[in-house]
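The values are calculated or read from the model by the stated rules, or taken from the named source; none is laboratory data. Note that the structure is predicted; figures quoted are calculated from it, not measured. Cβ: placed from backbone, ideal geometry, glycine included. Neighbour counts: every protein chain shown.
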Amino acid sequence: MGSVRPRPRRLLFALALRTAGWFLFALAAGVLFCAIGAAQSDQPSEYEVKAAFLFNFTKFVEWPDGSFDGPHAPIVIGIIGDDPFGDSLTRIVAGQQVQGRSVVIRKERFGEDLRRCHVLFISASERQRSAQILAGLRDASVLTVSDIDGFAEAGGSMQFVMQENRVRFLVNLDAATQSKLRVSAKLLALAQVVNHGQAAR
Amino acid sequence: MRRRLAIAALMATTVVSSAYAQQQTAKLSAMSLEDLLNIEVTSVSKTEQKLSQTASAIYVITQEDIQRSGATNIPDLLRMVPGMDVGQINASSWAISARGLNELYSHELLVMVDGRTVYTPTSGGVYWDVVDVPLEDIERIEVIRGPGGSVWGANAVNGVVNIITKTAAETRGAMVVAGGGNLDQGFGTLQYGGSAGQSTNYRVYSKYFNQGQLPSATEANGADGWRFLRGGFRSDTNLSTKNSLSFQGDLYLGREGLFAKSLPSVTMPSLVQSPEAGNLTGGSLQMVWKHTYSARSDTTLQISYDQYRRDHILAERRGTIGIDFAHHLLWGERQNVVWGVGYRYSASESDGSLSYFLVPANLNIQLFSSFVEDEIAVVRNRLYVTPGAKVEHNYYSGFGVMPSIRAVWLPSAHQTVWAAASRALRTPAENDAAGRVTFGGFTAADGMPVLVGIVGNPKLADESFATYELGYRTRLSDRLSVDLAAYYTEGDHQETSEPVAPFFEALPAPAHLVLAQENENLMYGEAHGLEVFATWKVSRRLTLSPGYAFERIHEHLDPSSQDTTSVAAAEGSSPVNSAQLRLHLSLPRGLAWDTYAYFVGRISDPVVPSYTRLDTGLTWQAGERLSFSIFGQNLLKNERLEYVDASQSTAFTLMKRSAYAKIRWVL
C-alpha cells in the first residue's frame, strides 16, 4: 500500500480510448443511418398521443364563468404524480391558442390547491390517492383525467383506456356535470359514456 | 480524430432524432380527435420506460424471456446478457461474473433474490447450486454490468444481479409444471396461490429436480448428478393504504455429487480424487414492510434470515441475519433522495479437511453500512445528475467508502445518453483472510513431511476499482432499439499470492513443514470493454435480439511482488469476445419457435477453446391454461469443455447434448 510505482497509464488509457473510439464511431455511424431510415415509419408513443388528447380536450370543454382570472388568462393543465409525458405535452401546447387563451402546463403536488387547474391529469403513481384527490375537487370546475383503472367509474371526469394499441377515452357525464363543465357533443360522440357508479343507467 | 468523428456522429444522430421528435409532436398537435383515436401507439411499459432512462448498463430478463429461453436454472438464463461471463464447471458448479475476473465463486458480482443478498462471506462468491426459485414465479431479473457499490455495497464491483419474484397477487390459482429429458431427468413444480381475507394474497410451492451426470474427461459418468427438493411461500398483505407487509421463505434439501480432491494425511500428501456425494440443506425467511408517508416519502424495512449447511470439502454451516432500512423522499422540486442503513451478522462453523480449512474454524462477523443517493433534476425531463456514496465497515478491512456520480441526458423521448464514474471495493472474504489451502506435498530427504499451499492473510486490504462508463440507448423506431455501453476500469490493491518464510506446524500430527504463499494486495491493472445489444422486431412474427461484448484486461505486479499466477488468471479468466443471438418466431395456432445461440471466445487461463452453444425449442400454447414445450440444449457439440476451475478444487465435466419436454398447466 502506498508504494510509488511507475504506471504506464497514459499509454494504456490512450489505447483504451482509441479502441472505444473505433467502436463508437462504427456504431454511431450505423445508428445514424438506421435513425434516418427508421424515422419515417416511427409510431408515436402512448403518452405522446395521450398528451395530444389532453390538449384537444381543452377545445371541447366549456368552463363556467369565473373559472379564469381574466379574458386572456391561460388554460392550466396540471399534472399530479410522476409525469409520464416527458416533454411531449409541453411541445404540443407550445404557441397554441384555445378560445383565445394560451395553454400552460403545471406540475402539481398532493396537498396543494388543485382548484387552480382547469384540467388535472392524475398520474398512475397516484393510484392510492386518487379517491382523496377527487374528493378534494368535488364541486370544483376541474376536468379530471387519468388512466388509472376504474377512474371514471370512481367519479373522475375522463379516463383513458387502451384498446388494441389505440387510445380511447371514457367520460363520466355525471362527474363532469357536477363540476359545472359543459362537454361538447362532438367529444361525447367519440367517447364511451359511463355514469358515476353506473347508477344512472 | 476518430474519437471526434465518433462524437460528431453521435451528436448528429441525437440532433436528427430530436428534430424528428419535434416534427412528430407538431403533427400530433394538429390532429383531430378522430385522427387521434385511430392512431396506433407503441406499447412501452412504465418499467421499460424507466429502465431505458437508467444511468447504468442495465439489462432486464423478463418472464417472457425466461419462458422462451428454455433454461431450467438461473445461471443458464444469465447467458443471454451481453457482458456476463457464465462458465459451467460441472453439473452443479458455475463460474459467473460480469466484465471479467471470473472464477468459481467469483466475488466481484453481487447477487440478490428480492433484495436479499445471497453471496456467502466464506468466499464472497455465490453458491449458484442453491440459488433457485420456480422460474415461472420470476417477475424479472435485473442485471447491471459494472459497479453498483454506492447503493449495494462491497462486492458489487463488476455487476449486480437482482432476481425479483412476482407478488402473490400475480400468482393466484394452481400451477403444475412437469417435465423430463435425458439430462434433466425429472423436474416439476406444484404451486397454489390464493387469498386470505380481503387484503392478503399468498402462494405456496414445492419444486423438485433430478439432473443426471455429465461425462468427465476420462469417464462417461462424471459423478456430478444432483437433485433438489425445495418448498417455499410468499404472502403480501396491504395493512392499509399506507402500509404493506410481505413475508417470504423457503427450505431446501439436496444432494449433489462431484469428484472431490482430498489429502488423505500429512504423511501421504498427494491429492486423491474420488467421487463423493454431499448433502446440502438450507433455507431463508424474510419480511419486508413498506410504509408510505405521502406521495413524496416512503420507507422500506427488510429483515432476513438465511441459513445453510454444505457437506462438501469444508463442511460448513452458516446463519446470517440482515436488516436493511431505506427511506425515499422527494426533496423540494428537483431532488429525489434515497438513503439507508444496513446491518448484517453472520455466524459460521466449519470442520474443514486437510486440503482446505479455515483458521479460525468458527467465526462471527458483522457488517455495518449506510448509503445516500440523490437524483437531481438539473433540467427536468432532460438532465439528471445522481451523486451517491456508501460507507461500510467490515470485519477484516474496516471502513470503506464507495462514491459514485451518474448523469443521464435525455435528448428526446426515445434516446438516453448516460455517463458514470464510480469507485467500488471488494472486501476480503473469510477464504482470503483465514483460508488454508493445501495443494499437495512431499517427504523431504530427512523424512520430514512437507505441505505446499496458501495461507490466508488477516491483514489483507480491500481491492479497489475506479470505473468510468458511457452509454447510449435509443429506440430508433417501434421495431428497433439499440443499447450501447463502454467502460474503462482501473483496479488497485488486487490480490496476489506471495511466498512467505516456511514454518513448522505440529498439528495435524506428525509435525511437518509448510511451504506457503500468502495473499497480498500487490497487483494493479486496467480493463476496458464494450457491450452492445439490439432488439429488432423484423415483422409481427419474428424478433431478433443480437448482442456483443468485448473486454480486455491488463494487469501489472508491484515490483516487490513474486507472484507468478495472478496476472495470467485475472487477464485470461474470461473471453475477449462474446456474442449472443436470440430468435423468436411466433407461428399460427399458438406455436412459438425460439432459438438461442451463444458464442464465447477462447479463455486463456485455464485454457478453454472458443465455443458456440445452441439451444432451440418449440412451445405450443394450447389455450390460456395449458402449454407444451420441447427444448434441445447445447446441440452443436457433445462433450464440450466449458470452464475449468483454476484452483482445481472442483473437478470439471463436459457439457453434453440434451433435450427435454415440459408441460405447464395453470388451473
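Report whether or not residue B:437 is in a strand (DSSP E or B), within 11 Å of chain A (Cβ to nearest Cβ) and either modelled with pLDDT under 95 or in contact with a Cys (Cβ under 8 Å, 6 or more places away or on another chain) (or both).
For residue B:437, the condition - in a strand (DSSP E or B), within 11 Å of chain A (Cβ to nearest Cβ) and either modelled with pLDDT under 95 or in contact with a Cys (Cβ under 8 Å, 6 or more places away or on another chain) (or both) - is not met.
Quick one: is residue A:49 outside any loop (DSSP other than H, G, I, E, B) and either more than 9 Å from every other protein chain (Cβ to nearest Cβ) or at pLDDT 85 or above (or both)?
So residue A:49 passes the test.
Among the residues in the stretch A:61-74, are any away from chain B (no Cβ under 11 Å), outside any loop (DSSP other than H, G, I, E, B), in contact with a Lys or Arg (Cβ under 6 Å, 6 or more places away or on another chain) and of a type in the set (Val, Ile, Thr)?
Scanning the stretch A:61-74, I find no residue that is away from chain B (no Cβ under 11 Å), outside any loop (DSSP other than H, G, I, E, B), in contact with a Lys or Arg (Cβ under 6 Å, 6 or more places away or on another chain) and of a type in the set (Val, Ile, Thr), so the answer is no.
Hey, among the residues in the stretch B:88-146 that are in contact with a Ser or Thr (Cβ under 9 Å, 6 or more places away or on another chain) and assigned to a helix (DSSP H, G or I), which one's farthest from residue B:321 (Cα to Cα)?
B:136
List the residue pairs whose Cβ atoms are under 7 Å apart, where the first residue sits in the stretch B:537-560 and is under 30 Å from residue B:571 (Cα atoms), the second is in a strand (DSSP E or B) and of a type in the set (Lys, Arg), and the two are 6 or more positions apart or on different chains.
Every condition considered, the pairs that remain are B:545/B:582.
Among the residues of the stretch B:649-664, are any more than 20 Å from residue B:223 (Cα to Cα) and under 24 Å from the mean Cα position of the chain (by Cα)?
Among the residues of the stretch B:649-664, not one is more than 20 Å from residue B:223 (Cα to Cα) and under 24 Å from the mean Cα position of the chain (by Cα), which makes the answer no.
For the stretch A:127-165, name all the residues that are in contact with a strand residue (DSSP E or B) (Cβ under 6 Å, 6 or more places away or on another chain), under 20 Å from residue A:86 (Cβ atoms) and within 12 Å of another protein chain (Cβ to nearest Cβ).
Correct list: A:147, A:160, A:165.
Quickly run through the stretch B:492-526 and pick out the residues that are without any contact (Cβ under 8 Å) to a residue 60 or more places away in the chain and either within 14 Å of chain A (Cβ to nearest Cβ) or under 24 Å from residue B:429 (Cβ atoms) (or both).
Within the stretch B:492-526, B:492, B:493, B:500, B:503, B:505, B:522, B:523, B:524, B:525, B:526 qualify.
Does the stretch B:402-417 include one or more residues that are out of contact with any Leu (no Cβ under 7 Å at 6 or more places or on another chain), free of Cβ contacts under 8 Å to residues at least 24 places away in the same chain, surrounded by fewer than 17 Cβ atoms within 10 Å (Cβ to Cβ) and of a type in the set (Val, Ile, Thr)?
Among the residues of the stretch B:402-417, at least one is out of contact with any Leu (no Cβ under 7 Å at 6 or more places or on another chain), free of Cβ contacts under 8 Å to residues at least 24 places away in the same chain, surrounded by fewer than 17 Cβ atoms within 10 Å (Cβ to Cβ) and of a type in the set (Val, Ile, Thr), which makes the answer yes.
Given the options B:170, B:108, name the one that is more than 23 Å from the chain's Cα centre (by Cα) and at pLDDT below 95.
Result of the check over B:170, B:108: B:170.
Name the pairs whose Cβ atoms lie under 9 Å apart, with the first residue in the stretch A:101-112 and closer than 21 Å to residue A:61 by Cα, the second among the polar types (S, T, N, Q) and part of a strand (DSSP E or B), and 6 or more positions between them or separate chains?
Hits for this filter: A:103/A:97.
So is residue B:237 β-branched (Val, Ile, Thr), modelled with pLDDT under 95 and under 21 Å from residue B:202 (Cβ atoms) or not?
yes
Please verify whether the stretch B:572-587 includes one or more residues that are surrounded by fewer than 16 Cβ atoms within 10 Å (Cβ to Cβ) and under 26 Å from residue B:312 (Cβ atoms).
no
Can you find a residue in the stretch A:106-120 that is at the interface with chain B (Cβ under 9 Å from one of its Cβ atoms), of a type in the set (Lys, Arg) and crowded, with 17+ Cβ neighbours inside 10 Å?
No, the stretch A:106-120 contains no residue that is at the interface with chain B (Cβ under 9 Å from one of its Cβ atoms), of a type in the set (Lys, Arg) and crowded, with 17+ Cβ neighbours inside 10 Å.
Given the condition in contact with a helix residue (DSSP H, G or I) (Cβ under 9 Å, 6 or more places away or on another chain) and not in a strand (DSSP E or B), answer yes or no: does some residue in the stretch B:371-386 qualify?
The answer is yes, given that some residue of the stretch B:371-386 is in contact with a helix residue (DSSP H, G or I) (Cβ under 9 Å, 6 or more places away or on another chain) and not in a strand (DSSP E or B).
Within the stretch B:63-74, can you find the residues that are of a type in the set (Ser, Thr, Tyr) and out of contact with any helix residue (DSSP H, G or I) (no Cβ under 9 Å at 6 or more places or on another chain)?
Initial filter on the stretch B:63-74 (of a type in the set (Ser, Thr, Tyr)): B:69, B:72.
Hits for the stretch B:63-74: nothing passes.
I'd like to check something: does the stretch B:622-634 contain any residue that is out of contact with any Lys or Arg (no Cβ under 9 Å at 6 or more places or on another chain), under 30 Å from residue B:667 (Cα atoms) and polar (S, T, N, Q)?
Looking for residues that are out of contact with any Lys or Arg (no Cβ under 9 Å at 6 or more places or on another chain), under 30 Å from residue B:667 (Cα atoms) and polar (S, T, N, Q), one finds none in the stretch B:622-634, hence no.
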